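This report concerns only the one structure given below.
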Amino acid sequence: MPTPIATPHTTLPIVYLPHGGGPLPLLNDPSHQSLTQFLRSLGQLPKPEIILVISAHWEAPTAQFTGGQAPPLIFDYSGFPPESYEYRYPAAGAPERVQAWVERLHSAHIAAASVERGWDHGSFVPLLLSHPAAAIPVVQLSLLRGLDPAAHIALGAALAPLREEGVLILGSGLSFHNMAAFFQPSQDALARSQAFDDWLFDALCAEGLSHAERCARLINWQSAPHARFCHPREEHLLPLHVCLGAAQANSQAQRSYSDYLMGVKVSGFSWN
């Protein structure tokens, strides 16, 4: 089936995706098989003009966009086979659009800048699977170093109009990110991850909640069952907050991915 083409009247979806462990989705790792298939399936979304990725692997004092014409890849992982340091993703950047986005954030009283930086694995791993031709310009956006959940929702809200401007917004993180639990799987860790995943599903997907109620739940995510066990540090969760902010009033999500990864439950969410 050919990929649908976004038109000027298309409202592009928003996707919060699990990007897996380092380059493992690209290395045919058995534990990442279903995740790899899911990431490939994202190529069936309507074709955007630009892909904007909010990666868990970049934090900055202000909102920063990759502003180069041809950003390089940043291999921000270690201990993997030599071929995992040879990937190329020669997509173009979008410096003119980035400058307009910086000004848009300034208008919303959010400090922002365009910087020369490459794309880390939170961007290039899923994109090598979803859009392997590298034919669509890509921009990466940082998290805010303070890790304030409300600030990340506000950041997403300021970028919400991009959905009407041919931009596919991808939040790249993991709904569970406790490295010790990944390397020492247990029934206890599995049960805790499932309880947190159920809470996320209810907050994002349950019917009858207003956008304000969903935002309040995500701002207070630490009240969720086993929240700090599932996220000892919340950088892999916060791309989800940006996505929720960008969804605005139409904020009831769908759970677009749900499976077990390295012994725990992980999910992805999308807004159409």
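All of the numbers you see were taken from the coordinates with simple rules; none came from a lab. As the structure is a prediction and not an experimental result, all values here were calculated from the model. Methodologically, a virtual Cβ is constructed for each residue, glycine included, from the backbone with ideal geometry; neighbour enumeration extends over all protein chains shown.
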Value at 222 nm in deg cm²/dmol, rounded to 500, when DSSP H runs of n ≥ 4 in the chain each add -39,500 (n - 2.57) | -9500 deg cm²/dmol
Order of PHE38, PHE182 under a 10 Å beta carbon neighbour criterion, fewest first = PHE182, PHE38
Ranking of TYR85, TYR16, TYR257, TYR77 by count of other Cβ atoms within 10 Å, fewest first | TYR85, TYR77, TYR257, TYR16
At most 16 other Cβ within 10 Å, DSSP loop - GluC sites (Glu not before Pro), the stretch 80-117 | GLU86, GLU116
With a ≥ b ≥ c taken as the square roots of the eigenvalues of the C-alpha gyration tensor of the stretch 14-271, please select rounded if a/c is under 1.5 and otherwise prolate if a/b is larger than b/c or oblate if it is not?
-> oblate
Whole-Å distance, taken between Cα centres, linking the stretch 188-209 and the stretch 65-117 = 32 Å
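For the chain, calculate the relative contact order in percent as a whole number, restricting contacts to Cα pairs under 8 Å that are 6 or more residues apart.
On the way: 570 pairs, mean separation 79.6, N = 272.
Relative CO of the chain lands at 29 percent.
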The stretch 120-167-the stretch 240-272 distance, computed between alpha-carbon centres (Å) = 14 Å
How high is the FRET efficiency from GLN248 to GLU116, r the C-beta distance, R0 30 Å, rounded to 0.05?
-> 0.45
Dipole axis of the chain (+1 Lys, Arg; -1 Asp, Glu on Cβ), positive-most option in ALA60, ASN250, LEU143 | ASN250
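Based on Cβ point charges of +1 for Lys and Arg and -1 for Asp and Glu, what charge dipole magnitude is obtained for the chain about its Cα centre, in debye rounded to the nearest 20? Could you put the intermediate results ahead of the total?
Numbers: 15 positive and 22 negative charges, 29 e Å.
Dipole size: approximately 140 debye.
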